[in-house]
Amino acid sequence: MKNYETTKRILVTGGAGFLGSHLCDRLLRDGHEVVCADNLFTGTKRNIAHLREHPRFEFVRHDVTFPLYIEVDEIFNLACPASPVHYQHDPVQTTKTSVHGAINMLGLAKRLNARIFQASTSEVYGDPSVHPQTEAYWGNVNPIGIRSCYDEGKRCAETLFFDYHRQHQLDIKVARIFNTYGPRMHPNDGRVVSNFIVQALKGESITIYGDGRQTRSFCYVDDLIEGFVRLMNSEPGFTGPVNLGNPGEFTIRQLAEIVIELTGSKSTLVEKPLPSDDPMQRRPDISLAQSKLGWTPQIALRQGLEKTIAYFDDLLRAGG
Ligand code: NAD
Ligand code: UDP
Ligand code: UDP
C-alpha cells in the first residue's frame with residue numbers, strides 16, 4: 001500500500017536528460033511517483049525507455065517556457081541544455097528556458113506550496129578569480145559573450161528563486177553543480193568527457209582546446225544524485241546555494257591521458273583553438289555540503305571513467 005507519509009509525487013523537468021534520467025531512477029527506487037516533463041531538445045526517450053512500463057512513472061512532453069498546470073508535492077527543475085555546443089545552438093531559447101522556465105516552475109510551486117529544487121551551475125562563477133570557489137564568491141561572468149545565455153540565464157534563475165523565497169516564502173533548494181559525467185551523457189554534446197571517450201574508443205585524435213592546462217573537477221553522476229536527494233530533504237530554511245561537485249581537480253591534458261590509458265587507445269592528442277570565455281580553472285569548495293548535508297563524493301575519477309567508458313563502448317557497438 002502507498003505510504004502517504006514518505007512517498008511523494010515528484011516533478012522532474014529535464015527528466016529525459018543525462019542527470020534527470022538518473023534522478024528519475026533514484027526517486028522511483030525510493031518509492032516515489034515521478035512525472036518527467038521534457039521537450040526532448042537534448043534529452044532522449046532512450047534515457048527513460050526502461051521506465052516506460054513503470055507503474056509510478058509518467059512522461060509528459062512539455063517545454064518549460066510554457067505554463068504547466070499539474071498537481072505534485074515537489075519539483076526538481078533541471079530543464080536546460082547543459083553542454084556549450086547545445087546551449088549555444090539557440091542561445092535565445094537557452095535564456096528563455098532558464099528564465100521563463102524558472103518563472104513557470106516557481107509559479108507552479110507557489111500555487112501548490114511545493115518545495116522546489118533548482119539545478120544551478122558552477123558557471124555562475126564564470127572564469128573565477130577565487131580558487132577553489134565558495135558559495136560566497138559572486139563570480140566573474142561576461143554578460144555579452146557566447147556563454148552568457150547559459151551563465152546569465154542561470155544567474156537570473158537563482159535571483160528568481162531567492163525572490164520567490166523572500167517575497168512568497170517559497171521553500172527553495174539551490175544546487176550549484178560542477179562538471180558531472182557518467183553513463184547517458186549525450187555522445188555528441190561536445191562535453192569534454194564524452195568527447196574524449198568517444199574519440200579514444202573510435203581511435204580518432206583527442207581534441208584538446210587551447211594548451212590543455214585549464215582545469216575542471218569531475219563528479220560521477222551517482223555521487224551527484226545522492227547530493228540532490230540530500231539537499232532536497234535537508235532541513236526547512238536551508239536554501240543553499242550549495243556547491244555539489246568533486247573537489248579532485250585535473251587539467252584537461254591529464255584527463256586526456258587518463259582516458260587513453262583506461263581505453264588502451266592508440267589515439268594521439270591534437271590542439272584546437274580555445275573557445276572564448278572558457279574558464280581557466282574550476283574546483284568546488286564543498287565544505288557547506290559536507291557540513292549541512294553530510295555529503296562527500298565517493299567515486300574517484302578513474303573508477304567513474306571506467307563505468308562511463310563501458311557505457312559508451314556498448315553504445316558505439318550498438319551503433320548509437
Ligand atoms: P541534458 O542536456 O542531458 O539535460 C537537460 C534536459 O532538459 C534535456 O532532457 C532537455 O531535453 C531538457 N530541456 C531543455 N530545454 C527544455 C525546455 N525548454 N523544456 C523542457 N525540457 C527542456 O543536461 P544535464 O547534464 O542532464 O543537465 C541537467 C541540468 O543540470 C541542467 O539544468 C544543467 O544546466 C545542470 N547542470 C549540469 C551540469 C553537468 O555537468 N552535467 C553542470 C552544471 C549544471
Ligand atoms: N504557472 C504555471 N503553473 C501553475 C501556476 C503558475 O505554469 O500552476 C506559471 C504561470 O505561467 C505564471 C507563472 O507561473 O505566469 C508565475 O506565476 P505567479 O503566480 O508567480 O505569477 P503570475 O501568475 O502573477 O504571473
Ligand atoms: N574541451 C576540450 N576538448 C573537447 C571538449 C572540451 O579540450 O573536445 C575543454 C573545454 O575547452 C573546457 C573543458 O574541456 O576547457 C570542459 O569543457 P566542457 O564543454 O565539458 O564543460 P565546461 O567548459 O562547461 O566546463
* Would you confirm whether any residue within the range 207-214 is in contact (Cβ under 8 Å) with a residue 24 or more places away in the chain, surrounded by fewer than 21 Cβ atoms within 10 Å (Cβ to Cβ), more than 30 Å from F162 (Cβ to Cβ) and among the aromatic types (F, W, Y)? => yes
* Asked: Is there any pair linking a residue in the range 60-76 that is under 19 Å from L27 (Cα atoms) to one that is surrounded by fewer than 19 Cβ atoms within 10 Å (Cβ to Cβ) and modelled with pLDDT under 95, with Cβ under 6 Å and at least six apart or on different chains, and which?
  -> none
* Confirm whether L23 is assigned to a helix (DSSP H, G or I), within 16 Å of ligand 3 (Cβ to nearest atom) and modelled with pLDDT of 95 or more. => no
* Is it true that R9 is basic (K, R) and either crowded, with 23+ Cβ neighbours inside 10 Å or within 23 Å of S120 (Cα to Cα) (or both)? -> yes
* Asked: With respect to A37, is the statement that it is more than 16 Å from ligand 2 (Cβ to nearest atom), in contact with a strand residue (DSSP E or B) (Cβ under 9 Å, 6 or more places away or on another chain) and not in a helix (DSSP H, G or I) true?
  -> no
* **Test: residue in the range 254-272 that is within 29 Å of L11 (Cα to Cα), buried (at least 18 other Cβ atoms within 10 Å of the Cβ) and in contact (Cβ under 8 Å) with a residue 60 or more places away in the chain** => no
* Asked: Out of (1) within 12 Å of ligand 3 (Cβ to nearest atom); (2) among the β-branched types (V, I, T); (3) under 26 Å from P132 (Cβ atoms), the odd one out for V270 is which?
  -> (3)
* To do: Please work out which residue is nearest to ligand 3 (Cβ to nearest atom), limiting yourself to the range 66-84 and to residues that are surrounded by 17 or more Cβ atoms within 10 Å (Cβ to Cβ) and in a loop (DSSP other than H, G, I, E, B).
  => S83
* Using the structure shown, decide if V221 is surrounded by 17 or more Cβ atoms within 10 Å (Cβ to Cβ) and closer than 16 Å to G304 by Cβ. => yes
* Asked: Quick one: is R302 surrounded by 15 or more Cβ atoms within 10 Å (Cβ to Cβ), in a helix (DSSP H, G or I), out of contact with any Phe, Trp or Tyr (no Cβ under 9 Å at 6 or more places or on another chain) and not acidic (D, E)?
  -> no
* Going by the conditions given, is A109 in a helix (DSSP H, G or I), more than 16 Å from the chain's Cα centre (by Cα) and of a type in the set (A, V, I, L, M, F, W, C)? -> yes
* Asked: Within the bounds of the range 242-257, is there any residue that is away from ligand 2 (no atom under 16 Å from the Cβ), at pLDDT 95 or above and farther than 29 Å from G145 by Cβ?
  -> yes
* I103 vs. criteria farther than 15 Å from K154 by Cβ and in contact (Cβ under 8 Å) with a residue 24 or more places away in the chain -> no
* Could you look through the range 153-186, keep only residues that are assigned to a loop (DSSP other than H, G, I, E, B) and under 15 Å from the mean Cα position of the chain (by Cα), and pick out the one that is modelled with the lowest pLDDT? => H186
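The values are calculated or read from the model by the stated rules, or taken from the named source; none is laboratory data. Nothing here was measured: the structure is a model prediction, and the numbers come from that model. Neighbour counts are summed over all protein chains in view; Cβ atoms, including those assigned to glycine, are modelled from backbone coordinates with ideal geometry.
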